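Everything below concerns the one structure shown next.
The values are calculated or read from the model by the stated rules, or taken from the named source; none is laboratory data. As the structure is a prediction and not an experimental result, all values here were calculated from the model. No Cβ is skipped: glycine too gets one built from the backbone with ideal geometry, and neighbour counts run over all protein chains shown.
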Amino acid sequence: MKRLNLVLILLLVMQFGFSRQQVDTIALFSAKMKKEVKSVVVLPEKYSKSKHYPVVYLLHGYSDNYAKWINTVPTIKALATKHQLILVCPDGGYNSWYFDSPIDSSIQYETHITRELLPYIDSHYATIPNRKARAITGLSMGGHGALYLAIRNKDLFASAGSMSGGVDLRTSTKSYDITKRIGSIDKNPEEWNNRSVINMVSALQNKELNLVIECGVSDFFYQINANLHRRLMELKIDHDYTERPGSHNWQYWTNAINYQLLYFDRSFDRKGEK
């Protein structure tokens, strides 16, 4: 009898645990890169397949990986619940900058995220599979990556953000292994120019994307973010821009993610939600 009771208790504990599960780690084989790539998926509490949720893709920075956000800022679980959305934290490699590299076939993260991971998420989770309910943001390398991917894939994303983004690659010609992805700036200046977000925004029409950009005033990327803001103003492209006290660190990003998700929540079209 005691043994039976123990089994029943264990089953109840397991059932309760699974019902409260908020974080999945998935491993998806990338046909483009010929390797397995992991991502973290954060669900709101009481996630139900009978509902449909907006999705925010949340990109990590240079030298980190798919698990960095959830391990460093576990409060994003509460934010997913508060805003009733799904967070997807893809792996972008140690130093990919979220490009499809023209010189390294193992670095094809634009294709992976937009053509492999995104359809997988929409087919395996209760998403609103519509660009108007899909956003992308990130920090540092991921801030540049989020804007880069959104501008190049406006059919997939209606909203994009950046926190302390490295939005002008040309200021980092000898840093962050960018030359390993697109070659040196001396030999391949067009790659550096064409892949820098501060230049890419010239191709945007006003209101094509909902944009939210921010950077701390003590951040070493502050000036290029201020320049991006001025460029968007010159182009008369609506956007939210914030600069506040802060540096290039997790204290800043732990605070910043609150405002990014609030902005996206207000921007989403949830008409597909059931």
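In this entry, Val37 is excluded by the filter for residues that are of a type in the set (Val, Ile, Thr), closer than 22 Å to Ser140 by Cβ, buried (at least 19 other Cβ atoms within 10 Å of the Cβ) and under 13 Å from the mean Cα position of the chain (by Cα).
Taking the criterion of being among the aliphatic types (A, V, I, L, M) and buried (at least 20 other Cβ atoms within 10 Å of the Cβ), the residues of the range 233-274 that qualify are Ala256, Ile257, Leu261. When Leu169, Leu147 are checked against the criterion of being more than 15 Å from the chain's Cα centre (by Cα), surrounded by 24 or more Cβ atoms within 10 Å (Cβ to Cβ) and modelled with pLDDT of 95 or more, Leu169 stands alone in meeting it.
Residues of the range 51-87 that are at negative phi, among the polar types (S, T, N, Q) and in a loop (DSSP other than H, G, I, E, B): Asn65, Thr75. Close contacts from the range 130-147, counting a first residue that is within 14 Å of Asp219 (Cβ to Cβ) and a second that is part of a helix (DSSP H, G or I) and aromatic (Phe, Trp, Tyr), with Cβ to Cβ under 8 Å and a gap of 6+ residues or different chains, come to Leu139/Trp253.
Counting only residues that are closer than 18 Å to Met141 by Cα and within 21 Å of the chain's Cα centre (by Cα), which one in the range 205-219 is surrounded by the most Cβ atoms within 10 Å (Cβ to Cβ)? The residue in question is Cys215. Residue pairs whose Cβ atoms lie under 9 Å apart, separated by 6 or more positions or on different chains, with the first residue in the range 63-85 and among the aromatic types (Phe, Trp, Tyr) and the second surrounded by fewer than 17 Cβ atoms within 10 Å (Cβ to Cβ) and modelled with pLDDT of 95 or more, are Tyr66/Thr25; Tyr66/Lys38.
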